[in-house]
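What follows is a set of notes on a single structure, which appears directly below.
The values are calculated or read from the model by the stated rules, or taken from the named source; none is laboratory data. In this text, all values refer to a predicted model and were calculated from it rather than measured experimentally. Because the Cβ atoms are built from the backbone with ideal geometry, glycine has one as well, and the counts that use them run over all protein chains shown.
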Amino acid sequence: MTVKKLPVTIMRGGTSKGVYILEDDMPANHDEWESLLLRLMGSPDSKQIDGLGGSYSVTSKVAIIKKSENPEADVDYTFAQVSVDKPLVSYKGNCGNISSGVGPFAIERGLVEAKDGVTSVRIFNTNTNKIIIADVQTPGGEVAYSGDFAIDGVPGTASPVKLKFVRPSGTLGKGLLPTGNVIDSLDVPGFGKVDASIVDAANPLVFVKAHDIGLTGKELPDDLNAKPEMLDLLEKIRGLAAQRLGLIDDYTKSAWETPGIPKMTFVASPGNYTTSDGKEIAKEDIDLLSRMMSMQKPHPSYAMTGAMCTAAAAVTPGSVVNKVLAPNADTQFIRIGHPAGILECGADFTLPEGSNIPEIDDTFGFRTANFIMDGTARIRL
């Protein structure tokens with residue numbers, strides 16, 4: 001048995017936690033990455049007891065980073081979603097929350113020189129071939145992690161990281177509306193037809209109205225986890241959307257062949273609800289209710305790339321998201337009510353004359369990050 005010593009950093013990025021690694025420390029042969037990352041995180045095992053994973057999809061993530069040769073970027077960043085209970089690593093799509101730790105990590109590792117004040121780190125995400133600009137607070141040329149900015153889903157406060165996803169549409173190479181339709185009718189076996197908007201900005205998402213599938217949009221993760229038949233329905237819808245996108249031939253194999261994208265999302269008009277930690281959210285404080293799935297399980301809060309895509313869908317006339325927005329909503333800056341609270345995000349766009357498909361210049365939002373530890377992982381291969 002071979003033991004590999006791998007330098008790793010554990011960071012919280014937004015409402016996720018992951019392992020950040022310099023690509024120079026990874027095997028040169030990318031075919032060896034999957035087995036190494038599975039062992040590193042302790043998968044497949046529901047507890048991930050023998051690795052660094054935290055037994056949830058939001059704590060089983062890896063960011064692999066190197067100095068970029070792209071003239072538009074400072075660093076290249078590859079995101080890996082390591083399945084908790086399957087021997088599977090997915091590189092399809094990106095994680096916006098983990099993205100918020102890439103800028104601080106790049107500065108800490110000397111890949112980007114810090115400025116006094118704010119340092120903008122240009123990140124090329126290899127999963128989506130898109131540029132993300134992270135504005136990191138660096139007073140005195142050092143990354144600041146402490147601050148007074150709070151995000152729902154993370155205790156306490158920290159220093160804000162602004163993320164701007166530049167020209168985020170078309171990560172699959174098929175534009176903002178990859179099927180060409182604002183609404184697609186999906187014929188779900190055993191259920192019937194469901195109207196969906198399949199939108200691709202930062203990551204591809206499939207949106208349906210909560211009401212159309214027998215939900216309210218106020219559900220919490222525990223509510224959904226207690227309904228296996230609903231989890232099955234949500235995965236069927238996601239699989240049919242993946243099939244419509246050409247990602248798979250058989251929708252029943254979606255959990256294995258394309259587990260991370262498109263991300264399943266159901267939305268509803270604003271309403272009063274209670275978060276997972278008992279906080280009361282008033283309908284006047286949000287512009288829509290939304291719930292996301294992550295690796296076939298309910299997301300405990302909201303994916304940042306999901307928020308970016310939701311912002312893009314909000315400014316697309318006739319989309320499922322656009323239809324459920326509060327009547328007085330500012331479509332360019334929306335407030336999403338999710339299981340942990342509220343996430344604010346927005347989009348800069350133009351709507352060409354005579355078209356109902358907006359041209360998205362960028363989507364943006366704010367996260368925080370925390371440097372938790374540096375160390376060396378001993379991986380038995």
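Considering segment 258-269, the residues that are in a loop (DSSP other than H, G, I, E, B) and touching a Leu at 6+ places or on another chain (Cβ under 6 Å) include one that is farthest from residue 216 (Cα to Cα), namely 258. Residue 76 - would you say it is of a type in the set (Asp, Glu) and under 21 Å from the mean Cα position of the chain (by Cα)? So residue 76 passes the test.
Any residue that is surrounded by fewer than 22 Cβ atoms within 10 Å (Cβ to Cβ), in contact with a Phe, Trp or Tyr (Cβ under 8 Å, 6 or more places away or on another chain) and in contact (Cβ under 8 Å) with a residue 40 or more places away in the chain - is there at least one of those in segment 218-227?
Kept after step one, since they are surrounded by fewer than 22 Cβ atoms within 10 Å (Cβ to Cβ), are these residues of segment 218-227: 218-227.
From what's left, in contact with a Phe, Trp or Tyr (Cβ under 8 Å, 6 or more places away or on another chain): 218.
So of that shortlist, the ones also in contact (Cβ under 8 Å) with a residue 40 or more places away in the chain come out as 218.
The answer is yes, given that some residue of segment 218-227 is surrounded by fewer than 22 Cβ atoms within 10 Å (Cβ to Cβ), in contact with a Phe, Trp or Tyr (Cβ under 8 Å, 6 or more places away or on another chain) and in contact (Cβ under 8 Å) with a residue 40 or more places away in the chain.
Looking across segment 69-88, the residues that are more than 26 Å from residue 258 (Cα to Cα) and surrounded by fewer than 20 Cβ atoms within 10 Å (Cβ to Cβ) come down to 69, 70, 71, 72, 73. Of all positions in segment 281-300, at least one carries a residue that is among the small types (Gly, Ala, Ser) and at pLDDT below 95.
Say we look at segment 223-242 and pick out the residues that are among the aliphatic types (A, V, I, L, M), assigned to a helix (DSSP H, G or I) and over 21 Å from the mean Cα position of the chain (by Cα); which of these is farthest from residue 259 (Cα to Cα)? Once the filter is applied, the top-ranked residue is 230. Does residue 305 satisfy the criteria of being assigned by TED's automatic domain parsing to the domain that holds residue 230, out of contact with any Ser or Thr (no Cβ under 6 Å at 6 or more places or on another chain), part of a loop (DSSP other than H, G, I, E, B) and touching a residue at least 12 places away in the same chain (Cβ under 8 Å)? Spelling it out, it is not the case that residue 305 is assigned by TED's automatic domain parsing to the domain that holds residue 230, out of contact with any Ser or Thr (no Cβ under 6 Å at 6 or more places or on another chain), part of a loop (DSSP other than H, G, I, E, B) and touching a residue at least 12 places away in the same chain (Cβ under 8 Å). You will find that of 352, 339, 317, the residue that is surrounded by fewer than 13 Cβ atoms within 10 Å (Cβ to Cβ), not assigned by TED's automatic domain parsing to the domain that holds residue 102 and not charged (D, E, K, R) is 352 and no other. Screening residue 257 on (1) over 18 Å from the mean Cα position of the chain (by Cα); (2) in contact (Cβ under 8 Å) with a residue 40 or more places away in the chain; (3) surrounded by 15 or more Cβ atoms within 10 Å (Cβ to Cβ) shows it passes everything except condition (2).
Given the criteria crowded, with 21+ Cβ neighbours inside 10 Å and among the aromatic types (Phe, Trp, Tyr), does residue 165 qualify? Talk me through it step by step, then tell me what you get.
On the way: crowded, with 21+ Cβ neighbours inside 10 Å: yes; among the aromatic types (Phe, Trp, Tyr): yes.
Criteria met by residue 165.
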